[in-house]
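The values are calculated or read from the model by the stated rules, or taken from the named source; none is laboratory data. Values in this document were obtained by computation on a predicted structure and should not be read as measured data. Neighbour counts run over all protein chains shown; Cβ positions are idealised from the backbone, glycine included.
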Amino acid sequence: MTDIHSNWMQPSLQPMDTVRIPPDLLTSLRQHALFQRTNNESFLERLACVMHLRTYGARDVIIKKDEPARAMFFLLRGSVDVCSADYERIYATLPKGSCFGEIGILYSMPRTATVIAKTKCTVAALTAEEVSTLLPQFPEVEKILRFEAEERLALLKKSKESGTKLNRKPSVERNVESFCETGARVHLQRMPLFSQCPEEFLHSISLKVEPRHYPPNALIIRKGDIGTEVFFIVDGTVEVTTLDPNTVIARLGAGDFFGEIGILLNVPRTANIRSVTNLEVYVLNRADFLTVCSRYPDLQRQFRDMAETALHNLQEKILELDETAINTVTEGCKYVPIDEQHYGAPLGSIAANSVCRTTSDQDPTLPTVVDVLRHTETKKRRASVAVWSDPSLLQFAQSKSISPPLEPQKPDHAYTSPLALEQGSFMMLNKETLIRLVDYLDFASILKLAGVSRNCRHFLENTEEILHQVDLCPHHRRVTDDTVIWIANFINNRARKLSLSQCFHLTDTGLKSMVQQGSNLIELDVNSCWLLTDQSLALIGSSCPELVSINLSNCRKITDAGVLALLEEKAARNYPRLTEIILSYCKNLTDQTMHHLAKYNAKSLERLNIQRCTKITDDGFMAWADQLFPSLQHVVLNDCSFLTDKAIAYLIAAAPHIQHLSVSFCCALSDSAVEDLGQLNQLTELDASFCGAAVSDASICTLLKKSPLSVLNIRGCVRIRDTGLQTIVETGQLRYLNVSQCSGVSRQVKDLLLRSNSVKTFIV
């Protein structure tokens, strides 16, 4: 980090004519919501004069999680990533003109996220001390800013007293995104109920609201109860239902409100309200609301009229459902399409950032019945099978380094002499038998056999029918750039399937030695070869003409350019295109990779794994809109928590023949996406575990009606309930079902279904 203008680092104010104010800085200040309310150009100019201009290189750390917050930053050039402390998850990318850390100018609190420079960038920093020096010169501005602080502190105090976390979502941490974005006032002002209210009214309401959190599937309002509170949704989704929980009248999201009918019209609650996802709300009790409204008679009449209209619309909707039940699932289980749902405020959709609070690796408890899905996971390993379980082989593999030259080893015991072995029973076996025996040996055992005699070594080095499958993963700590040269010469272009999984010492130099002897390679696994770069991918594309399957999982340095180089090299030489690509945990890959796959591999691709590629968004799948992937059958999207229903829609249109799909922890999906999967008429296996709002009784039952699904994992899906599970099982088409950690399903129903033996493998 360097300072561009050292004189800006002085804490004292300087005359405006001695300081050149960047126009980008003034524009950013004017556009910021915190300062728009001040509407004072002189204040902004003086504020800009005391800021410090700093520049950061790409990947430099600007803010560290848990550090004290004493400054705010305005981004003048470049872009920054808001991420977790270990840099693993990118919560948001802030472009030029954004600001972050501004809560530090009002009161000190630890940073709750890390901010790093995505590209070379220039920021203007402002400390709390400089603001406190400047504010007394502008009393009106100080009043507005103190107003903001008063509202915010009141909210934080109530949050602390109630033990409720104000905002659980990392992507909107209080000191990362806009100050106003995390205050109560801005959320209230955006709601139709308060959009035209005066400033003083909003301030009074903001001081009265209380933050509250509800877990998924929590009953917030019960029909018939006496209402004492009105709720304003900050983050998350709720469903409005009648007494039948399967009849959904409406879905409400961030910016919507509910409970106003009972408060303003003094009537019992008219419907049940249940949370679909983790829910953050502001709650205002009846007495406080009416006290504030009493000072504004016109507003009170307006609110009452809105409540009467909402009540009328709700009653009409319930009557319509009673007359014509919409049955998209099973008898007695009704679901109202999203585009027909209306209630109270405008319908709120499930936002991508309102569903998922954490993300996790692939569910380790998946059963053997979905081994095909496992096959595409990041820790895929093709282990050679040894028919002799001699402990000495394992000891040899652990104790002997693979290093040239490999000479026959002197026996530790009085074995038969090499000459006797050459002339004895082993070498007297016919060639076909020897080949079959060697095929059962792991690589360490083959090396040990090569040291027995000259004939054994000659046979192993010159027989074309062996060493077609080589797995070096068990010896990954000893595979280096030096040892791999000799290994490549020993294998001598015979390998068809090569696993270098977890050989983390291997660099581009070592891999070059291997792939230059890989003209017959069909499958290559370089999972967790961390040091490999894009250079290796270009070399693989040009040196392995027969390659159709590659595993690049957890290759941390791989970028879009490397994937492009691999695909371009194969296309330029008219080599067979890839049929399987595993890119899980390649976190530098972006939507550009999806463009490259659509351009070069649309016709041939059969398997794709982009688990935890968190920079791939809906736009990446949009690139598939004009392409057809007729061969794509296996897709793993686990932990792609930013993908929404749009991505699923593009995927369904582009790849209609998908048979195996995994969307575990894709928490931004809604139940509409799951229902749409019914268009995949060949879908037989689905892993939708921990998918938050995407999995409900209605959506799964609708999917089962439309698809030949036989394997279903909905572990940790809290919207699955007893009636829905019974309906799912009664379809009789599932041979495997996992409903473990589904909190909405009772133990009694699980036991009942287990005893029924309706599902061959039932995990509860």
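Select from region 702-727 the residues that are at pLDDT 90 or above and hydrophobic (A, V, I, L, M, F, W, C) and list them in ascending order.
Leu703, Leu704, Leu709, Val711, Leu712, Ile714, Cys717, Ile720, Leu725
Go through region 58-71 and count every residue that is within 17 Å of Ala92 (Cα to Cα) and outside any loop (DSSP other than H, G, I, E, B).
Our first condition is that a residue be within 17 Å of Ala92 (Cα to Cα); within region 58-71, this holds for 58-65.
Checking which are outside any loop (DSSP other than H, G, I, E, B) leaves us with 61-63.
So the answer is 3.
Name every residue in region 573-608 that is closer than 15 Å to Phe621 by Cα and among the charged types (D, E, K, R), in order of residue number.
Hits for region 573-608 are Asp591, Lys599.
Please list, ordered by first then second residue, the pairs with beta carbon atoms under 8 Å, 6 or more apart or interchain, first in region 610-624 and touching a residue at least 12 places away in the same chain (Cβ under 8 Å), second of a type in the set (Asp, Glu) and not in a loop (DSSP other than H, G, I, E, B).
Lys615/Asp591; Ile616/Asp591; Thr617/Asp591; Asp619/Asp591; Gly620/Asp591; Ala623/Asp591
Residue check, Val230 against (1) modelled with pLDDT of 85 or more; (2) farther than 30 Å from Cys691 by Cβ; (3) outside any strand (DSSP E or B); (4) not small (Gly, Ala, Ser), all met but one. Which one?
Of everything listed in (1) modelled with pLDDT of 85 or more; (2) farther than 30 Å from Cys691 by Cβ; (3) outside any strand (DSSP E or B); (4) not small (Gly, Ala, Ser), Val230 misses just condition (3).
Which of the numbered conditions does Cys293 fail, given that it passes all the others? Conditions: (1) part of a helix (DSSP H, G or I); (2) modelled with pLDDT under 85; (3) surrounded by 14 or more Cβ atoms within 10 Å (Cβ to Cβ).
It is condition (2) that Cys293 fails.
Mind checking which residues of region 518-561 are in a loop (DSSP other than H, G, I, E, B) and among the charged types (D, E, K, R)?
From region 518-561, those in a loop (DSSP other than H, G, I, E, B) are 518-522, 526-533, 544-548, 552-559; that's our starting set.
If the condition is that a residue be in a loop (DSSP other than H, G, I, E, B) and among the charged types (D, E, K, R), then Glu546, Arg556, Lys557 are the ones that fit.
Consider Arg70 carefully, then state whether it is charged (D, E, K, R) and modelled with pLDDT under 75. So that I can check it myself, show each step before the final result.
On the way: charged (D, E, K, R): yes; modelled with pLDDT under 75: no.
In short, no.
Of the numbered conditions (1) in contact with a helix residue (DSSP H, G or I) (Cβ under 7 Å, 6 or more places away or on another chain); (2) closer than 14 Å to His660 by Cα, Phe629 satisfies every one except a single condition; which is it?
The single condition Phe629 does not satisfy is (2).
Mind listing just one residue for me: the one in region 589-630 that is among the basic types (Lys, Arg) and at negative phi and, of those, modelled with the lowest pLDDT? Give the steps one after another, and end with the answer.
In the first step, residues of region 589-630 are kept if they are among the basic types (Lys, Arg); the result is 599, 603, 607, 612, 615.
Checking which are at negative phi leaves us with 599, 603, 607, 615.
Values: Lys599: 94, Lys603: 94, Arg607: 97, Lys615: 91.
In this case the residue turns out to be Lys615.
When the residues of region 432-460 are filtered to those that are surrounded by fewer than 15 Cβ atoms within 10 Å (Cβ to Cβ) and charged (D, E, K, R), which remaining residue is farthest from Asn520 (Cα to Cα)?
Step by step, filter region 432-460, then rank; the result is Arg454.
Filtering region 710-757 down to residues that are among the small types (Gly, Ala, Ser) and in contact with a Ser or Thr (Cβ under 9 Å, 6 or more places away or on another chain), which residue is nearest to Ile273 (Cα to Cα)?
Gly724
Just give me the residues in region 738-764 being among the aliphatic types (A, V, I, L, M) and out of contact with any Lys or Arg (no Cβ under 6 Å at 6 or more places or on another chain), in sequence order.
Initial filter on region 738-764 (among the aliphatic types (A, V, I, L, M)): 739, 745, 749, 752-754, 759, 763-764.
Of everything in region 738-764, those that are among the aliphatic types (A, V, I, L, M) and out of contact with any Lys or Arg (no Cβ under 6 Å at 6 or more places or on another chain) turn out to be Val739, Val745, Val749, Leu752, Leu753, Leu754, Val759, Ile763.
Going by the conditions given, is Leu734 free of Cβ contacts under 8 Å to residues at least 60 places away in the same chain, surrounded by fewer than 24 Cβ atoms within 10 Å (Cβ to Cβ) and more than 30 Å from Met594 (Cβ to Cβ)? Outline the logic, then answer.
On the way: free of Cβ contacts under 8 Å to residues at least 60 places away in the same chain: yes; surrounded by fewer than 24 Cβ atoms within 10 Å (Cβ to Cβ): yes; more than 30 Å from Met594 (Cβ to Cβ): yes.
So Leu734 passes the test.
Pick from Tyr91, Tyr87: which is in a strand (DSSP E or B) and of a type in the set (Ser, Thr, Tyr)? Can you show your working first?
Numbers: Tyr87 fails: in a strand (DSSP E or B).
None of the others qualify; the one that does is Tyr91.
Residue under question is Leu734, and the condition is that it be modelled with pLDDT of 90 or more, in a helix (DSSP H, G or I) and over 17 Å from Ile648 (Cβ atoms); does it hold?
On the way: modelled with pLDDT of 90 or more: yes; in a helix (DSSP H, G or I): no; over 17 Å from Ile648 (Cβ atoms): yes.
It is false that Leu734 is modelled with pLDDT of 90 or more, in a helix (DSSP H, G or I) and over 17 Å from Ile648 (Cβ atoms).
Any residue at all in region 65-74 that is surrounded by fewer than 17 Cβ atoms within 10 Å (Cβ to Cβ) and farther than 29 Å from Thr38 by Cα? Please lay out each step first, then the result.
First pass over region 65-74, keeping only residues surrounded by fewer than 17 Cβ atoms within 10 Å (Cβ to Cβ): 66-68, 70.
Retained after the next criterion (residues that are farther than 29 Å from Thr38 by Cα): 66-67.
Scanning region 65-74 turns up at least one residue that is surrounded by fewer than 17 Cβ atoms within 10 Å (Cβ to Cβ) and farther than 29 Å from Thr38 by Cα.
Within region 610-621, is there a residue that is in a helix (DSSP H, G or I) and of a type outside the set (D, E, K, R)?
For region 610-621, residues in a helix (DSSP H, G or I) and of a type outside the set (D, E, K, R): present.
Residues to consider are Lys557, Lys570, Lys587; find the one that is under 20 Å from Glu523 (Cα atoms) and among the charged types (D, E, K, R).
Values: Lys557 fails: under 20 Å from Glu523 (Cα atoms); Lys587 fails: under 20 Å from Glu523 (Cα atoms).
The conditions single out Lys570.
Is it true that some residue in region 642-651 is part of a loop (DSSP other than H, G, I, E, B), crowded, with 22+ Cβ neighbours inside 10 Å and touching a Leu at 6+ places or on another chain (Cβ under 6 Å)?
no
Of everything in region 708-750, what is over 20 Å from Leu683 (Cβ atoms) and β-branched (Val, Ile, Thr)? Give them in sequence order.
If the condition is that a residue be over 20 Å from Leu683 (Cβ atoms) and β-branched (Val, Ile, Thr), then Val718, Thr723, Val745, Val749 are the ones that fit.
Which residues, counting only those in region 544-554, are farther than 15 Å from Asn527 by Cα and crowded, with 18+ Cβ neighbours inside 10 Å? Walk me through it before giving the result.
Step one: of region 544-554, the residues farther than 15 Å from Asn527 by Cα are 544-548.
Within region 544-554, Cys544, Leu547, Val548 meet the criteria.
Collect the residues in region 114-131 that are touching a Pro at 6+ places or on another chain (Cβ under 8 Å) and closer than 13 Å to Ser98 by Cβ, keeping them in residue-number order.
Answer for region 114-131, where residues must be touching a Pro at 6+ places or on another chain (Cβ under 8 Å) and closer than 13 Å to Ser98 by Cβ: just Ala124.
Can you name every residue in region 596-609 that is assigned to a loop (DSSP other than H, G, I, E, B) and either over 15 Å from Leu566 (Cβ atoms) or hydroxyl-bearing (Ser, Thr, Tyr) (or both)? Working first, answer last.
Restricting attention to region 596-609, the residues satisfying the condition of being assigned to a loop (DSSP other than H, G, I, E, B) are 601-606.
Hits for region 596-609 are Ala602, Lys603, Ser604, Glu606.
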